[in-house]
2 protein chains.
Amino acid sequence: MRTDGVEPAPPTAGIVQRPVRDAGRPAVQRVTIRDVASLAGVSVATVSNALNRPSIVAPDTLERVQEAIARTGFVRSTAAGQLRGGKSRTVGVVVLDLANPFFTDMVRGAEDVLRKHGYMLMVCSSDESTEQELHYLRLLEEHRVDGLLITPAGHELREIAKLAAYGVPTVLLDRDANDEALCSVTVDDIRGGQLAAHHLLELGHADIAFVNGPATIRQCADRREGAMTAVRAKGRRPRRDVVFREIEVPALTADHGERAVGALLALEPRPTAVICANDLLALGVLKGLASARLAPPEDLAVVGYDDVTFASMLSPALTSVRQPKYELGATAARLLVEEATGGAHEHRSIRFEPELVVRASSRAPRAIRP
Amino acid sequence: MRTDGVEPAPPTAGIVQRPVRDAGRPAVQRVTIRDVASLAGVSVATVSNALNRPSIVAPDTLERVQEAIARTGFVRSTAAGQLRGGKSRTVGVVVLDLANPFFTDMVRGAEDVLRKHGYMLMVCSSDESTEQELHYLRLLEEHRVDGLLITPAGHELREIAKLAAYGVPTVLLDRDANDEALCSVTVDDIRGGQLAAHHLLELGHADIAFVNGPATIRQCADRREGAMTAVRAKGRRPRRDVVFREIEVPALTADHGERAVGALLALEPRPTAVICANDLLALGVLKGLASARLAPPEDLAVVGYDDVTFASMLSPALTSVRQPKYELGATAARLLVEEATGGAHEHRSIRFEPELVVRASSRAPRAIRP
DNA sequence: CATGCCGATTGAACCGTTTCAATCGAACCT
DNA sequence: AGGTTCGATTGAAACGGTTCAATCGGCATG
């Protein structure tokens, strides 16, 4: 139930000065810089100066202007300022999915840095759809964002490079710039895969499975490659044959991880350890193992990837490869600010090192345990 | 350790054609509507019409304009449009912490609705600081957002109501409007607390602890009140004395939950069940219990609140009170759009019902178990 | 006393769009 | 033929700031 109440005009003595716009909304007439100027008895230019370069206006004038601003409740319009060659004080942030804690942490990192510089974040989830990404990129361009932080959904960076070429400082998040001249902040996924596999090999595992997402996702391919590198390095030593088998699932979700357990246990001989391409998969695998009455690390060592907040709280607590998510976003934001404000700038690729966090879910295989 | 690899500039064949503005930035001259008009041989008004009211321009003219837009790569400026009485096509979203999955899910709900209406989201984390909230509100006002979705950090809604009075459609997220004339979308936290406590009481628990956040947070106070209501209702029955004790921690984090375990186990006699004001606290409690070599639900039944994604994957899987997070955000966004576009509108408060999800972490106390 | 300089202030142009009233041509009506 | 109507198009005035060159007054200097 609602009433179509057209709000009565406030009791103003005399003429109705503000035109009633669309029925029923207050739509108070905005205070402009001109109102402030006339109240303070100065020109609009002086008000503008008081706002942007207070040092060049006389102290008493400044005070009068500030007084007038307070009295009128004036709030400057970014849009108007932007029009006259200015900046929009806005940064576009495009991630694959804002509901994914990995991206959320990154965005927080970026937000904390950008806030200090007066930027607002326009956050968008592409849902891994290049179409939706394009839609958002277009909108961000219309808003004339001063910068762009983006985890591209596809391999095609041309649209992004086009924006960057238009003068929009751009930093790729968790994605390499390839040949395009762009900044990027990434984590070394090959190294991460290596860390995970090396850890298991050191523990004495010689038959490792890898539950992986689609090979089209760069992170998945890299992590697998890293793991295989470690395996090959080990295998080269005499008297030691290491088996490495991959199970590919269509998406990096707990659900698919759980379903992968069937295939995992069907492997002959059964592997003694499993690396999962991310923690969600690992969570699913743990759950699936529990259903199958198998208990890690006894029956199978499990290693995840991402070290999400919850990894440490599982039981067994999950061994995982940690990525500096917050730092990733914060660093990307700093690069962005540097590019947006500093004159001199050269595109840079910053690569973070992942870190293995060993917990209870990984342990030496039964066979060689004392 | 990280490497700051400075990428070499890509080899470009020939002349650097783009004008260097401030050292090193492309800063290509923007294509304006005038460029499009002159290329298409029409007036700017016609181009504007082609953009906004294509039906009133002659088909062949329309085609010529669209051709010109494509050729020039014209992208309209939202800011310029906004200036001339238009809208900013932007909505401010202020949550307590974007890194908290509860808010993230809400924001996703809002995003999905708002995207369809062409709005961009300016997302801000107030970190529960009214000061930071105010900072953001000011910035959002400067950006002339077309709407505001906000979970207020404090009890003081005056600043928010002021914005709303200025004609900015506003919807409170997970927070009541009290006396202010505002829309709000909430979940019945009293009911949620009741559900949690009632569940434990039904299982036969008679000594329940409540790990709560600061009482200044309305949600915390309400959940506690709901739980106490259930306890009192039970206590009224003869021959049954129910003990209910509260442990207050300064913030709703896993860390504080873990630290609360000390106080929890120090209670004399030790409670047989614990309700946590949210899942993060519950996770911390689970972890702390594990460190203390106690295993829920055997040694202590644990109930959380929020039912975050990971709650179901813990072991024991966490019994929790689910809130329709995504729906909350989506509904708020729909209210916002209705208020922003429809002329007729009356402020509404929509209240969702929480739902108890029973899992392995809660079970009858040892004493009365068969 | 004339001159020059400097800090403070200001008028006016400008940014890129939307929109309104005015114009124009063609078709239609009497 | 003259008048009317209607659809398509357009010139120009906003919108609300920023900025630049010009102005002004006061003070020190020659």
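The values are calculated or read from the model by the stated rules, or taken from the named source; none is laboratory data. Here the structure is a predicted model, which means the values were calculated and not measured. Don't worry about glycine lacking a Cβ; one is built from the backbone with ideal geometry, like all the others, and counts go over all protein chains shown.
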Open item on the list: Filter region A:50-79 down to the residues that are within 10 Å of DNA strand C (Cβ to nearest atom) and either buried (at least 16 other Cβ atoms within 10 Å of the Cβ) or among the polar types (S, T, N, Q) (or both) and list them by number.
Closed with: A:Ala50, A:Ser55, A:Val57, A:Thr61, A:Leu62, A:Arg64, A:Val65, A:Ala79
Task: Given (1) within 12 Å of chain B (Cβ to nearest Cβ); (2) not in a loop (DSSP other than H, G, I, E, B), number of the condition A:Glu180 does not satisfy - done: (2)
Task: Every residue from region B:332-351 that is away from every other protein chain (no Cβ under 11 Å) and of a type in the set (Val, Ile, Thr) - done: B:Val337, B:Ile350
Task: Subset tally (residues that are touching a Cys at 6+ places or on another chain (Cβ under 9 Å) and not aromatic (Phe, Trp, Tyr)) for region A:287-315 - done: 3
Open item on the list: If I ask for residues that are near DNA strand D (Cβ under 9 Å from one of its atoms) and either assigned to a helix (DSSP H, G or I) or more than 7 Å from chain B (Cβ to nearest Cβ) (or both), which ones from region A:66-86 would you list?
Closed with: A:Phe74, A:Thr78, A:Ala79, A:Ala80, A:Gly81, A:Gln82, A:Leu83, A:Arg84, A:Gly85, A:Gly86
Open item on the list: Quick check on B:Ala27: is it within 7 Å of chain A (Cβ to nearest Cβ), within 12 Å of DNA strand C (Cβ to nearest atom) and modelled with pLDDT of 50 or more?
Closed with: yes
Task: One residue from A:Leu252, A:Leu286 being crowded, with 22+ Cβ neighbours inside 10 Å and out of contact with any strand residue (DSSP E or B) (no Cβ under 8 Å at 6 or more places or on another chain) - done: A:Leu252
TODO: Filter region B:149-171 down to residues that are touching a Lys or Arg at 6+ places or on another chain (Cβ under 7 Å), more than 13 Å from chain A (Cβ to nearest Cβ) and not polar (S, T, N, Q), then give me how many there are.
DONE: 1
TODO: Spot the failing condition for A:Asp222; the list is (1) touching a residue at least 60 places away in the same chain (Cβ under 8 Å); (2) outside the structural domain of A:Met106 (by TED's automatic domain parsing), and only one is missed.
DONE: (1)
Task: Any pair with Cβ under 8 angstrom, 6 or more apart, that starts in region B:61-86 at a residue that is without any contact (Cβ under 8 Å) to a residue 60 or more places away in the chain and ends at one that is of a type in the set (Asp, Glu) and assigned to a helix (DSSP H, G or I) - done: B:Thr72/B:Asp35; B:Phe74/B:Asp35; B:Val75/A:Glu141; B:Val75/A:Glu142; B:Arg76/A:Glu142; B:Ser77/A:Glu142; B:Thr78/A:Glu142
TODO: Scan region A:93-110 and give yes if some residue there is near DNA strand D (Cβ under 9 Å from one of its atoms) and not in a helix (DSSP H, G or I), otherwise no.
DONE: no
Open item on the list: I want to confirm something. Restricting to region A:289-327 and keeping residues that are assigned to a helix (DSSP H, G or I) and of a type in the set (Phe, Trp, Tyr), which single residue is surrounded by the fewest Cβ atoms within 10 Å (Cβ to Cβ)?
Closed with: A:Tyr326
TODO: Might you check whether a residue that is touching a helix residue (DSSP H, G or I) at 6+ places or on another chain (Cβ under 6 Å), more than 9 Å from every other protein chain (Cβ to nearest Cβ) and under 24 Å from A:Lys325 (Cβ atoms) occurs anywhere in region A:120-132?
DONE: yes
Task: region B:80-93, subset surrounded by fewer than 24 Cβ atoms within 10 Å (Cβ to Cβ) and either among the charged types (D, E, K, R) or away from DNA strand C (no atom under 16 Å from the Cβ) (or both), residue modelled with the lowest pLDDT - done: B:Arg84
- [ ] Find all pairs meeting these conditions: Cβ atoms under 6 angstrom apart; at least six residues apart or on different chains; first residue within region A:250-261 and in the same structural domain as A:Ala292 (by TED's automatic domain parsing) and in contact (Cβ under 8 Å) with a residue 40 or more places away in the chain; second residue in a helix (DSSP H, G or I) and of a type in the set (A, V, I, L, M).
- [x] A:Gly257/A:Leu281; A:Gly257/A:Val285
